[in-house]
Amino acid sequence: MADAARTKISVANIALWALQVLLAAYFVYSGVSLLGDDFVGKFDKIGFGQWLRYVTGVLELAGALGLLVPRLCGLAAAGLVGVMAGAVATELVILGDPDGAVLPAVLLGLAAVVAFGRRATVLQTFGK
């Protein structure tokens, strides 16, 4: 029975790492796109200025890197949940684009899975 439990934990760990790597790859792509000129028009429509585009890009890149660091992966995922919650809210409330909210909502859900799965690393970071 102990071997079955270890195998289950191991499979879950591998699945989480695979998800983290995929999310990290996407957020690197997205963060670089945000720091380029791809989203200037969208952020003009949002109306808070281009500084928000830069902050969002840096947060996505930092989150992507954090997903790949064992001690930081839970915190990084939680941070990305926050960034994606902001993206969903912006798409729905400010831009009025429900279709535009789908991708950030999916990414939010996937990051939440990682944050929950890596909650022990968050507790360890805070000494609990």
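Brief remarks on what is shown
- Qualifying residue in segment 32-47 (condition: in contact with a Ser or Thr (Cβ under 8 Å, 6 or more places away or on another chain), in a helix (DSSP H, G or I) and at negative phi): yes
- Residue in segment 110-118 that is among the charged types (D, E, K, R) and part of a helix (DSSP H, G or I) present: no
- Filter result (buried (at least 19 other Cβ atoms within 10 Å of the Cβ) and not in a helix (DSSP H, G or I)) within segment 65-101: Leu72
- From the list Ala62, Ala12, Ala24, the lone residue that is over 20 Å from Glu91 (Cα atoms), surrounded by fewer than 16 Cβ atoms within 10 Å (Cβ to Cβ) and not aromatic (Phe, Trp, Tyr) is Ala12.
Read the figures in this text as sums done on the coordinates, not as results from a lab. Remember, it's a predicted structure, so these values are computed and weren't measured experimentally. Using ideal geometry, Cβ is built from the backbone for each residue, glycine included, and neighbour counts are taken over all protein chains shown.
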